[in-house]
Structures are given as structure tokens and as C-alpha cells.
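Where a number appears in this text, it was derived from the coordinates with a stated rule and is not lab data. Just so you know, these numbers come straight off a predicted model, no measurement behind them. All Cβ positions, glycine included, derive from the backbone under ideal geometry; neighbour counts span all protein chains shown.
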Amino acid sequence: MNTTIFYFFYNLAHKSTMFDQAMIFITDKLDALVLLAAVVYLFYFFASHPHWKEKKLRARIWECITVFVSTTGAYAVSYILKIIFYAPRPFVTHLDVQPLVSETWYSSFPSGHATLFFALATSIYLYDKRAGVTFFVVAVIIALSRMIVGVHYPVDILAGAVIGIVVAWILHRYILKFMSTIFSNKNL
């Protein structure tokens, strides 16, 4: 099933130069643009959105820190799992797979891209539902592009998405939320 779904998406590649270039852009460049957009969002939206104006400056700063720590924490978990559970990439296992991007032979499981962008979307969603949904849509597009370009299986993407969502939510809910009450109680 994993291979069948992978080939469904991978077979979309190598048919149109324009489509292939779009997938390469999404998988190689859009990720950097999304991270930049998240930074701009955090600086602008958290600082100037009318909903946050009633909050103290320390609370807004802590919200930005929470998004950063949740996202990097989830990515760290994904990286550790890549070391523990080696899984070859599709182009290593299947000789007919010609990836559209150059990728290392490093473990395919779980997808670091999926982990990172689903954690980012979850972290932002916990503070702003509308922006979070937008980031979730972009996370899905980036994750699917990783299969289309031939560097991840569906299980890699699914595991990365689950890790990103769960770790970001746990960090936000249990650890960072507790610390934020301490951090934001002081006046500035």
C-alpha cells in the first residue's frame, strides 16, 4: 500500500517540465519562503494584531518563543528518529525512481519537511486558527511534493505530520504553557 500510494504521486512527475519545475520549487524553495513568512507573521501579527494588543509584551514574546520551541522540538524528535529507524529513500529501493531533486541517502523516515511544517502549522494554529489553517494547507502541499519529487514514501510523510502535530501540541499544552504563565506574570 505504501509503495502503491508513493507511485500514484511519483507518477505525476516526469510528464511535464512545467509541473516538475513547480514541484522542485515547492520542495526546495517554498519551504524557505514559508519559514520566512512564519517569522514575518510572528513579528507582525503577534505584535500588531488588535486581538493581541491587550496582552502584555512579555506574553506576546513568549508566544513567539513557544512557536519556535515547539517547531524546533518536533524537528529534533524527527531527526533522532531518523537516526534510530533507518529507512531507505524510494530512489534507493526502487531503481526506476529518478528523483527530481538531489537528496542525500540519509534515512527517509520520518520526513523532516513534514515534521517541521506540521509542527509550525500546529504551533501557529494554537494561537491563531485562521493563520494556522493556512500554514496547514501549505504543509500538506510541501509534504505531497516530497513524494512527487521521489524522495519520501507516504508513511514517511504521515509519520512526520503526526510527530510534528503531537510534539508541538504536547510542548505547547504541557510544558510551554506552564512556563508561559510564569514568564508573562511579570510586568514590563
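Taken as Cα centroids, the stretch 11-45 and the stretch 119-151 sit 11 Å apart, rounded to the nearest whole angstrom. In terms of Cα atoms, the Rg and Dmax of the chain work out to 18.2, 62 Å. Shown for the chain: lysine pairs separated by 8 or more places, or found on different chains, whose C-alpha atoms are under 25 Å apart, numbering 13.
Taking Cα centre as origin and charging only the Cβ of basic (Lys, Arg, +1) and acidic (Asp, Glu, -1) residues, the dipole magnitude of the chain rounds to 860 debye.
Neighbour counts of C-beta atoms inside 10 Å place Trp105, Trp62, Trp169 in the sequence Trp105, Trp169, Trp62, starting with the fewest. Estimated from helices alone, the mean residue ellipticity of the chain at 222 nm is -22000 deg cm²/dmol (sum of -39500 (n - 2.57) over DSSP H runs with n ≥ 4, per residue).
Fewest-first ordering of Tyr125, Tyr79, Tyr10 by other beta carbons within 10 Å of each residue's beta carbon gives Tyr79, Tyr125, Tyr10.
Projected onto planes of every orientation and averaged, the convex hull of the alpha-carbon atoms in the stretch 72-128 covers 4.7 nm². Counting only alpha carbon atoms, the long axis of helix 112-125 and the longest principal axis of the chain meet at about 30°. Remark: Glu63, Glu103 ranked as Glu103, Glu63, counting other beta-carbon atoms within 10 Å and listing the fewest first. The stretch 87-177 gives an Rg/Rh value of 1.06, both radii derived from C-alpha positions and Rh following Kirkwood.
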